[in-house]
Amino acid sequence: MADEAKAKGNAAFSSGDFNAAVTHFTEAINLAPTNHVLYSNRSAAYASLNKYSEALADAKKTVEVKPDWGKGYSRLGAAHVGLGQYSDAISAYKRGLEIDPNNEALKSGLADAQAGAARSRAGASPMNPFGDAFSGPEMWAKLTADPSTRAFLQQPDFVKMMQEIQTNPSNLNLYLKDQRVMQALGVLLNVKLRGGSAGAEDEEIPESPPAPKQPEPRKEEKKSEPEPMEVSEEESEAKKRKAEAIKEKEAGNAAYKKKDFDTAIQHYTKAMELDDEDISYIMNRAATYLEMGQLEDCINDCDKAVERGRELRADYKMIAKALTRKGTALVKMAKGSKDFEPAIEMFQKALTEHRNPDTLKKLNDAEKAKKELEQQEYFDPKLADEEREKGNEYFKQQKYPEAIKHYTESLRRNPKDPKAYSNRAACYTKLGAMPEGLKDAEKCIELDPTFAKGYTRKGAVQFFMKEYEKALETYQEGLKHDAGNQELLDGVRRCVQQINKASRGDLSPDELKERQAKGMQDPEIQNILQDPVMRQVLIDFQENPKAAQEHTKNPMVMTKIQKLVSAGIVQLR
């Protein structure tokens, strides 16, 4: 049921019905509240509706449920960017890249967030002509200094509106009907606007109360030195033994550094005999056994250190260190995927005692190694082919969720099979789960760049997402490997038809509006529109035919113009 609701949500999202997508994803979450993908998808839907606060909440939940999933941090960063919180966005993207260093979406998001932060520091962008007026603390200073707006600052709803405009200057359009906002805008721009509130000059802002006077620090009275206490013979002997134990430990450390492990073991053992109330000695001996490859002895010492440490109420960091060391020894002993389970358990226990980055890395490495071994142990190309054929039968019966189940099992048995990725991509496309379909198609091409089906699958997903330029590039790339492939040729023809509709101005107002909205979300289109050279080119096309004629001779310029035409941003007549 949750998968069905998720598929409906994906289909609604792909069609641009983001409100319906939110409804379906919410239904899926109610059925499967621990599924991190559902929160991620709903976050994307909220972001598409510009509901960035809700998107942020879902992104945080995604990361909470699945902290080692890079895409969750991509959603988190995008929500922060939407709220203008570039510093938090940058932090989120960087955390994601620590987990998945090769994730292109995280890299792109980080670059966008850093660019946004730079623009924010430099001032308002050209898209927000009044942005400078609302930036920084100077806005509040001007409004406080002017008698006509000073009283407004005592009104919570006005302050809230101004805060929202300061966070995102484009919100100004939402509040232009409010005369107080118009009056404030006039003050900030140093122009006289009609509609200001009368009588504000007579009201005064109460001054902030003076800071309370700090009491002078009391002078410390000179205390008399305590007399030395009598020490019993037993206490004196214990103190002496502790001092000798420390010397043995230092001698053991020196031997360890020289890789004279047998001598180090002797010194640490002697230190343990002299002082059994310091678990660092047995910890050091365990570390030495680990270096010597005597893993059973290392594990025994770690167990003793944990047991004795709890009796002595030792520092939890020391307990965590002993557990981590035991986990490291267990990893070295592991031969099969099951052998990693006790090591993973030790690392998890260590993290409950003390969250140490080194332990966390060891845990991630152990989990990764376990997964890789499981895949190797599970690998069976023959069974993979059988599962793929079962998936094909369900696909013919149009039972796409069942087909996906078998294709997924096939990929578990043989993760290098491009056909299984291609077939599963087709199922996702049929269900309207375009992001998943695109991911599988790209993996198919990655595994076999000469496999034409991979390009037809990817092109189909991009076409359904109305990314006609990208779909055309995909089909053309596929034709380099299979020039006579009819599916690829038909795909090129369909894309050209859609692109030409925009070029001829044959799009309906609704189609044009939809295509423009989609185009404005494309980072490549945004970069073209922000390029000063291209802005001048567009002006020349409108006002300077001679210069425009020169521009048409530049292939790079015309390629960018064509992208703007295809996106519905520019129309050529």
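The values are calculated or read from the model by the stated rules, or taken from the named source; none is laboratory data. What you are looking at is a predicted structure, and each value in this text was computed from that prediction instead of being measured. So basically every Cβ, Gly included, is an ideal-geometry build from the backbone, and we count neighbours across all protein chains shown. To get the accessible areas, we keep the full protein, side chains included, count just its heavy atoms, and leave off ligands, DNA and RNA. Shrake-Rupley method; radii C 1.70, N 1.55, O 1.52, S 1.80 Å.
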Applied in sequence order to the stretch 240-250, the curve 6.51 cos²θ - 1.76 cosθ + 1.60 (Karplus, θ = phi - 60°) yields integer Hz couplings, x standing for Gly and Pro, of 5, 5, 5, 5, 5, 5, 4, 4, 5, 5, 4
Here D for the chain, in µm²/s, from Stokes-Einstein with a Kirkwood Rh over Cα pairs at 37 °C and 0.692 mPa s, works out to 108
With every protein chain kept in place and a 1.4 Å probe, the residues Val306, Val533 fall, from largest accessible area down, as Val533, Val306
Projected onto the charge dipole of the chain (unit charges on the beta-carbon of Lys, Arg, Asp and Glu, signs +1, +1, -1, -1), the Cα from Tyr256, Phe340, Ser148 with the largest positive-side position is that of Ser148
Beyond 19 Å (Cα-Cα) in this structure, taken from Lys326/Lys362; Lys390/Lys458; Lys6/Lys405; Lys332/Lys362; Lys240/Lys270, we find Lys390/Lys458
Here the FRET efficiency for His481 versus Asn50, based on Cβ atoms and R0 = 35 Å and rounded to 0.05, is 0.25
FRET efficiency (Arg121, Ile539; Cβ distance; R0 30 Å; to 0.05) is 0.60
Note to self: C-alpha centroids of the stretch 3-48 and the stretch 327-361 sit apart, in Å, by 36
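Test of understanding: what is the full-extension gain from Ala145 to Thr263, defined as 0.36 nm times their sequence separation minus their Cα-Cα distance? Mind dumping the intermediate values first?
Details: separation 118, 0.36 × 118 = 42.48 nm, distance 7.80 nm.
Extra length from Ala145 to Thr263 when fully extended: 34.7 nm.
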Given Cβ charges of +1 for Lys and Arg and -1 for Asp and Glu, the option among Asn364, Met558, Ala471 whose Cα lies farthest towards the positive end of the dipole of the chain is Met558
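Mind checking the full-extension length gain between Glu250 and Gln179? Use 0.36 nm per residue of separation minus the Cα-Cα distance, one decimal, nm.
Length gained, Glu250 through Gln179: 17.8 nm.
Grab the beta carbon distance between Glu237 and Glu64, set R0 = 41 Å, and tell me the FRET efficiency rounded to 0.05. Walk me through the intermediate numbers first.
Working: r = 54 Å, r/R0 = 1.33.
Once the sixth-power term is evaluated, E becomes 0.15.
Just how large is the dipole of the chain about the Cα centre, in debye to the nearest 20, putting +1 at every Lys and Arg Cβ and -1 at every Asp and Glu Cβ? Could the numbers behind the result be given before it?
Numbers: 88 positive and 93 negative charges, 411 e Å.
Dipole magnitude for the chain comes out near 1980 debye.
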What helix-only [θ] at 222 nm does the chain give? Using -39500 (n - 2.57) per DSSP H run of at least 4, over all residues, to the nearest 500, the answer is -23000 deg cm²/dmol
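Relative to 2.2 N^0.38 Å, what does the C-alpha radius of gyration of the stretch 1-101 come to as a ratio? Two decimals please.
Ratio of Rg to 2.2 N^0.38 Å for the stretch 1-101: 1.02.
How do 370-381, 462-473 rank on mean C-beta neighbours within 10 Å, highest first? Let's see the in-between values first.
Numbers: 370-381: 13.7, 462-473: 20.3.
So the peptides 370-381, 462-473, ranked by packing, come out 462-473, 370-381.
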Thr352 and Lys335 label points (each 7 Å along its Cα→Cβ direction) are spaced in nm at 3.0
Here the stretch 439-445 yields Karplus 3J(HN,Hα) values (6.51, -1.76, 1.60; θ = phi - 60°; whole Hz; Gly and Pro given as x) of 4, 5, 5, 5, 5, 4, 5
Quick calc, the stretch 308-361, dipole around Cα centre from Cβ unit charges on Lys, Arg (+) and Asp, Glu (-), nearest 20 debye, gives 120
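Counting each pair of different Cα atoms once, what's the Kirkwood radius of the stretch 228-302 in Å, rounded to one decimal? Can you show the working numbers first?
Details: mean 1/r = 0.0779 Å⁻¹.
Mean inverse Cα-Cα distance, inverted, gives 12.8 Å.
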